[in-house]
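The values are calculated or read from the model by the stated rules, or taken from the named source; none is laboratory data. Everything numeric here is computed off the predicted structure, so don't read it as measured data. Reconstructed Cβ throughout: ideal geometry from the backbone, glycine too, with neighbour counts over all protein chains shown.
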């Protein structure tokens, strides 16, 4: 069985500094995997390497096969046929991730239009607009018409992240990469977005690569996790196994810390 | 997140090179300016050779149409440029920084008024203002030009200082300083000035260059320092008439001017990074 | 699975932006008030500075050896016998009516003379500015996009050099090359009958326009380069790329508008600078524009002319700033919102 | 009562109200968490407590005196008694000052007598930093170490109350837990007011808490009681929203 995403011996470095070293993992279609790491662990670097969008001064070695296509060393023109088709990304900061000067409806319309152009020679009139409204509805935004006509700065942070998710969904990707998608949000908003993401991934059958520093958050949406520290993979396993019996001291520290805050809260939660 | 930290990795070698070149160019200018106080190759006011002589071993850059040594006049021009640049920036910096700091601390209404006034003042063209002041002063003297340019610079510096100071005032270490019991003047001296200085000093260098160019323009237009004070602008104006026969005269003072202005900019850029303990880190 | 809404979303069809129109209107009004206020301040500055000019303006009307009676009559005519505040009110009043007085030297209305001179200065400035933009925009973008290539670095180095060069020296150098050595263009002068002979005017303006264009381009490149760098490093561009937009698609769809926001205000300032840079360039090429009028007026102590030129150039500069500010708000919806609050 | 707030209101002219009728008190030696999400007014509340803003109406009392930012004699006493620690370990330390000068600033500004270097050394020791840190600049330290420097500055003048504003939110988990431990140690001898959106951190650090929503106190009391039986729907929602580790 060939995986949807297969990363082999990935090494990312810049100016003599190694940011990610010899990383290997794979994600099958429909599978949900988490990358856990603190700042400087190289988790976001890895995600950007998968999309082939790392800046030119950062060099990548190893192999990343995405949907049967090698990413490392492939020119931008060919990668464009992968981005937005095989993968779509939701970023951490919903305010800056959206174009401040373009109305939300139009921004979601861009990936929709690209997909329609790819799928069929001729899109019926109004198809893009209809689908934009559908997408806004799908990410549970109230009054889709009003939101579509608003600029990003006119809606709340949580709503902006829903818009970003709608844009990713518009691509109907095989793999959704979510890079700390709730870190910039309030706890109550985070809970809503996590629930939404979880539901959408299950409903559409997309694979998910979820990147976060927050163990309990990762545990809510993925089945399998990998822990990164200073660009090195420490261990990999199912959420249940790893959080119950961490093999590595560092993982143990993280799990203990998360459990300590959890226990302080008592058992009132889920 | 991680990507941001990487962009701060700049080769520092480029900056030390800029610093050396800047230091060399400005240093040469200063040295020449000081030298002219004691010694010049020839008498700047009297003919020392034939008219419009081509460059030779005796007259390295030739002579002007009155037979005066051209190099001597360019050297004295260096002194004029230095005086104008330094004087204008000194006036501009002292008025501008004071006003800018006051505006940054002022109540919202007063700050708005000051900001709007500065915007208006900046909209007024420096060169026109300088022309007017020079015309208004009894005789076209160097000092009226310096004053006019200094005033124009002060508006620009004030606006920049205000923006920079406000940015610093938003930092948590300012609140920490205040809650440590530090008075507002103390906050300015301890935290605000040291933190806005690197950007300000680069701007001063830029303004220095612009002042030198503006003075040259005034002299070129015939509104500059009167004849005994040689100015590169006036040299160029005189040389323009003889450009057919003596093209060197129209080139040499310009090169001297551009070298000084670029040297100043490079020097400031280099110094900013050398004196900055946070260099190499962005945040 | 798709919950279809009955209404269709049409961009721009329903208009919540209507709600914002009052805010924009309020902004235009406030900005206009600032414009008027600026003009008033300009009037004060002009008035004060002109009173500082040596001697009584009435002197210009008098021949050498005039007696006291003639002096009084002249002062009466010029108005310099009135108290200062009354002189100021008169001054502002006539400015409001665009009455800039009559020249002491030629006896012609100042406005007329200025109008004639503007037919030289305005085309010179606009053509030079257009050339500068045409050079700077592609080069500025190129130097940001290809910063790691040799030509990207070369472009930014040359533009650094460019801001250190006085405009008149560039003019002199161009004359040396194109007029003296190559004999392609005249080294100066202007056709006597002006725009009645367009070909000759354009021929006469070629080198001056090139001078302004090159010098302005040097400083513009730096701004366009940094605006492009901001766009290139932006998260929204990364989002667009991550969702399948090609580099050029993303730049065109998102980059141009976002890059334009800071550039528009810079362009306003640069256009104003160009207009004033024309003063010096006119001198280099002996063109009969506003700049040479001002220089001549200063030389002849022709106060109404000095005053008129300064007032008109300030007015033009302020109008350009006004237009740039409004344009910026048309492009950026975030600025429109802020228009309702207090001054930024 | 160490700090006592009664019907404190705050609003910027013509704009929406930021705080409405906020009342609670802090006993000497207590550790109180002020919990709220963005827009809850918790940061404004902190500014009021620091004497940087003045309530539109209502009073804040410190001991038996009223907090009045205009009363400079009182403020000097108050500043000595109350010291803040901020969220962002980067913006809370002046990048151009050496650690020694940063930590010594309260001693200098409050004109506290005694050998400064010794006091700074002692403060550094209590936050677990080596003494040679004094001669270095903030950028040479990691986020967690910077936060320790900020805490050292807060305790150097031996205050009675520490006001912490999201003091561990910007830190990685492994660092966060160590700084929380440090605060725990400090709270044994100090009164601690800990402003945070992170209920987990507050729960592990504070005996009491005050829950804020949109500028109003919706619930306050013993941390144990609120966690066991949250009364207000907002508190319930907040508690239910916190992601938990799988059992």
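Which ranges mark the helices (runs of 4 or more DSSP H) fully within the stretch C:262-344 that have 2 or more residues being modelled with pLDDT under 85, within 12 Å of chain B (Cβ to nearest Cβ) and within 18 Å of residue B:129 (Cα to Cα)?
C:290-300, C:303-331
Would you check which residues across the stretch A:28-41 are away from chain D (no Cβ under 14 Å) and at positive phi and list them?
Within the stretch A:28-41, A:30 is the sole residue that qualifies.
Give the stretch B:182-205 a look and list any residue that's surrounded by fewer than 22 Cβ atoms within 10 Å (Cβ to Cβ), at the interface with chain D (Cβ under 7 Å from one of its Cβ atoms) and either under 21 Å from residue D:81 (Cβ atoms) or more than 30 Å from the chain's Cα centre (by Cα) (or both), or say none.
Hit for the stretch B:182-205 is B:186, nothing else.
Among the residues of the stretch D:53-64, is there at least one that is buried (at least 19 other Cβ atoms within 10 Å of the Cβ), at the interface with chain B (Cβ under 10 Å from one of its Cβ atoms) and at pLDDT 90 or above? Walk me through it before giving the result.
In the first step, residues of the stretch D:53-64 are kept if they are buried (at least 19 other Cβ atoms within 10 Å of the Cβ); the result is D:55, D:60, D:62.
Subsequent filtering for residues that are at the interface with chain B (Cβ under 10 Å from one of its Cβ atoms) retains none.
Looking through the stretch D:53-64, none of the residues is buried (at least 19 other Cβ atoms within 10 Å of the Cβ), at the interface with chain B (Cβ under 10 Å from one of its Cβ atoms) and at pLDDT 90 or above.
State all residues of the stretch D:11-52 that are more than 14 Å from residue D:165 (Cβ to Cβ), surrounded by 21 or more Cβ atoms within 10 Å (Cβ to Cβ) and free of Cβ contacts under 8 Å to residues at least 60 places away in the same chain; if no residue qualifies, say none. Let's see the steps before the verdict.
Keep residues of the stretch D:11-52 that are more than 14 Å from residue D:165 (Cβ to Cβ), which gives D:11-31, D:37, D:39, D:51.
From what is left, the residues that are surrounded by 21 or more Cβ atoms within 10 Å (Cβ to Cβ) are D:18-19, D:22, D:26, D:31, D:51.
Result: D:51, single match.
Residue check: is residue A:196 surrounded by 14 or more Cβ atoms within 10 Å (Cβ to Cβ), under 18 Å from residue A:164 (Cβ atoms), more than 10 Å from every other protein chain (Cβ to nearest Cβ) and in contact (Cβ under 8 Å) with a residue 60 or more places away in the chain?
Details: surrounded by 14 or more Cβ atoms within 10 Å (Cβ to Cβ): yes; under 18 Å from residue A:164 (Cβ atoms): yes; more than 10 Å from every other protein chain (Cβ to nearest Cβ): yes; in contact (Cβ under 8 Å) with a residue 60 or more places away in the chain: no.
In short, no.
For the stretch D:23-74, what are the residues that are part of a helix (DSSP H, G or I) and either under 23 Å from residue D:87 (Cα atoms) or touching a helix residue (DSSP H, G or I) at 6+ places or on another chain (Cβ under 9 Å) (or both)? Spell out the reasoning first.
So in the stretch D:23-74, the residues part of a helix (DSSP H, G or I) come out as D:42-49, D:72-74.
D:42, D:43, D:44, D:45, D:46, D:47, D:48, D:49, listed by residue number.
Scan C:12, C:20 and give me the residue that is surrounded by 12 or more Cβ atoms within 10 Å (Cβ to Cβ), closer than 30 Å to residue C:330 by Cα, away from chain B (no Cβ under 14 Å) and modelled with pLDDT under 80. Break it down stepwise before answering.
Values: C:12 fails: surrounded by 12 or more Cβ atoms within 10 Å (Cβ to Cβ).
Exactly one residue qualifies, and that residue is C:20.
Determine, yes or no, whether residue A:209 is more than 10 Å from every other protein chain (Cβ to nearest Cβ), in contact (Cβ under 8 Å) with a residue 40 or more places away in the chain and either under 20 Å from residue A:115 (Cβ atoms) or surrounded by fewer than 18 Cβ atoms within 10 Å (Cβ to Cβ) (or both). I'd like the intermediate steps shown before the answer.
On the way: more than 10 Å from every other protein chain (Cβ to nearest Cβ): yes; in contact (Cβ under 8 Å) with a residue 40 or more places away in the chain: yes; either under 20 Å from residue A:115 (Cβ atoms) or surrounded by fewer than 18 Cβ atoms within 10 Å (Cβ to Cβ) (or both): no.
So residue A:209 does not fit the description; no.
Might you check whether a residue that is crowded, with 16+ Cβ neighbours inside 10 Å, within 12 Å of another protein chain (Cβ to nearest Cβ) and modelled with pLDDT under 95 occurs anywhere in the stretch D:182-195?
Of the stretch D:182-195, the ones crowded, with 16+ Cβ neighbours inside 10 Å are D:182-183, D:186-187, D:190-195.
Applying the additional criterion that residues be within 12 Å of another protein chain (Cβ to nearest Cβ) yields none.
So far as the stretch D:182-195 goes, no, none of its residues is crowded, with 16+ Cβ neighbours inside 10 Å, within 12 Å of another protein chain (Cβ to nearest Cβ) and modelled with pLDDT under 95.
Among the residues of the stretch A:220-244 satisfying the criterion of being touching a residue at least 40 places away in the same chain (Cβ under 8 Å) and part of a helix (DSSP H, G or I), which is surrounded by the most Cβ atoms within 10 Å (Cβ to Cβ)?
Step one: list which residues in the stretch A:220-244 are touching a residue at least 40 places away in the same chain (Cβ under 8 Å), which gives A:221-233, A:236, A:239.
Narrowing further to those that are part of a helix (DSSP H, G or I): A:221, A:239.
On the way: A:221: 22, A:239: 20.
Among residues in the stretch A:220-244 that are touching a residue at least 40 places away in the same chain (Cβ under 8 Å) and part of a helix (DSSP H, G or I), the one surrounded by the most Cβ atoms within 10 Å (Cβ to Cβ) is A:221.
Provide a single number: the residues in the stretch A:91-106 that are surrounded by 24 or more Cβ atoms within 10 Å (Cβ to Cβ) and within 9 Å of chain C (Cβ to nearest Cβ).
5
Can you give me the number of residues within the stretch A:135-193 that are surrounded by fewer than 21 Cβ atoms within 10 Å (Cβ to Cβ), away from chain D (no Cβ under 14 Å) and not in a loop (DSSP other than H, G, I, E, B)?
Going through the stretch A:135-193 one residue at a time, the tally reaches 5.
Go through (1) touching a helix residue (DSSP H, G or I) at 6+ places or on another chain (Cβ under 8 Å); (2) assigned to a helix (DSSP H, G or I) for residue C:106 and report which single condition fails.
Only one criterion is unmet by residue C:106, namely (2).
Out of D:162, D:151, D:102, D:179, report the one residue that is part of a helix (DSSP H, G or I), under 23 Å from residue D:196 (Cα atoms) and more than 14 Å from chain A (Cβ to nearest Cβ). Quick ask: steps written out before the conclusion?
Details: D:162 fails: part of a helix (DSSP H, G or I); D:102 fails: under 23 Å from residue D:196 (Cα atoms); D:179 fails: more than 14 Å from chain A (Cβ to nearest Cβ).
Within the list D:162, D:151, D:102, D:179, the selection yields D:151.
With D:236, D:231 as the choices, which residue is over 30 Å from residue A:239 (Cβ atoms) and surrounded by fewer than 22 Cβ atoms within 10 Å (Cβ to Cβ)? Spell out the reasoning first.
Numbers: D:236 fails: over 30 Å from residue A:239 (Cβ atoms).
Matching residue, one of D:236, D:231: D:231.
Might you let me know whether the stretch A:119-127 holds any residue that is facing chain C (nearest Cβ under 9 Å), at pLDDT 90 or above and in a loop (DSSP other than H, G, I, E, B)?
Going through the stretch A:119-127, the residues facing chain C (nearest Cβ under 9 Å) turn out to be A:126.
Remaining after also requiring at pLDDT 90 or above: none.
The answer is no, given that none of the residues of the stretch A:119-127 is facing chain C (nearest Cβ under 9 Å), at pLDDT 90 or above and in a loop (DSSP other than H, G, I, E, B).
Looking at this structure, is residue A:249 modelled with pLDDT of 90 or more, surrounded by fewer than 20 Cβ atoms within 10 Å (Cβ to Cβ) and within 28 Å of residue A:66 (Cα to Cα)? Break it down into steps so the answer makes sense when it comes.
On the way: modelled with pLDDT of 90 or more: yes; surrounded by fewer than 20 Cβ atoms within 10 Å (Cβ to Cβ): yes; within 28 Å of residue A:66 (Cα to Cα): no.
So residue A:249 fails the test.
Quick one: in the stretch B:251-268, of everything that is crowded, with 24+ Cβ neighbours inside 10 Å and either touching a strand residue (DSSP E or B) at 6+ places or on another chain (Cβ under 6 Å) or at the interface with chain C (Cβ under 8 Å from one of its Cβ atoms) (or both), which residue is farthest from residue B:231 (Cα to Cα)?
Looking at residues that are crowded, with 24+ Cβ neighbours inside 10 Å and either touching a strand residue (DSSP E or B) at 6+ places or on another chain (Cβ under 6 Å) or at the interface with chain C (Cβ under 8 Å from one of its Cβ atoms) (or both), I get B:261.
How many residues does the stretch A:107-128 contain that are out of contact with any helix residue (DSSP H, G or I) (no Cβ under 7 Å at 6 or more places or on another chain) and buried (at least 19 other Cβ atoms within 10 Å of the Cβ)? Spell out the reasoning first.
Taking the stretch A:107-128 and keeping what is out of contact with any helix residue (DSSP H, G or I) (no Cβ under 7 Å at 6 or more places or on another chain), we get A:114, A:117-122, A:124-126.
From what's left, buried (at least 19 other Cβ atoms within 10 Å of the Cβ): A:114.
Residues meeting the conditions: 1.
Scan the stretch A:154-207 for residues that are touching a strand residue (DSSP E or B) at 6+ places or on another chain (Cβ under 9 Å) and more than 26 Å from residue A:3 (Cα to Cα) and report the count.
Looking only at that region, the number is 4.
Quick grid of which residues meet (1) within 14 Å of chain A (Cβ to nearest Cβ); (2) within 30 Å of residue A:55 (Cβ to Cβ); (3) outside any helix (DSSP H, G or I); (4) modelled with pLDDT of 75 or more:
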position: B:4; (1), (2), (3), (4): yes, yes, no, no
position: B:18; (1), (2), (3), (4): no, yes, no, yes
position: B:25; (1), (2), (3), (4): no, no, no, yes
position: B:34; (1), (2), (3), (4): no, no, no, yes
position: B:40; (1), (2), (3), (4): no, no, yes, yes
position: B:43; (1), (2), (3), (4): no, no, yes, yes
position: B:46; (1), (2), (3), (4): no, no, yes, yes
position: B:49; (1), (2), (3), (4): no, no, yes, no
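Would you please list the contacts, defined by Cβ atoms under 6 Å and residues six or more apart or on different chains, that run from a residue in the stretch D:74-91 that is more than 7 Å from chain B (Cβ to nearest Cβ) and touching a residue at least 24 places away in the same chain (Cβ under 8 Å) to a residue that is buried (at least 24 other Cβ atoms within 10 Å of the Cβ) and assigned to a loop (DSSP other than H, G, I, E, B)?
As it stands, the answer is D:85/D:167, since those pairs meet every condition given.
Cβ contacts < 7 Å: first residue touching a residue at least 60 places away in the same chain (Cβ under 8 Å), restricted to the stretch A:245-261; second residue part of a helix (DSSP H, G or I), any location; separation 6+ or different chain. Result?
Close Cβ pairs satisfying both conditions: A:254/A:215; A:254/D:173; A:254/D:174.
Which of the residues that make up the stretch C:53-78 are under 33 Å from the mean Cα position of the chain (by Cα), outside any helix (DSSP H, G or I) and either at pLDDT 65 or above or under 27 Å from residue C:38 (Cβ atoms) (or both)?
C:53
Picking from A:112, A:60, which residue would you name as being more than 8 Å from chain C (Cβ to nearest Cβ), closer than 14 Å to residue A:173 by Cβ, under 21 Å from the mean Cα position of the chain (by Cα) and not in a loop (DSSP other than H, G, I, E, B)?
Testing whether each residue is more than 8 Å from chain C (Cβ to nearest Cβ), closer than 14 Å to residue A:173 by Cβ, under 21 Å from the mean Cα position of the chain (by Cα) and not in a loop (DSSP other than H, G, I, E, B) leaves just A:112.
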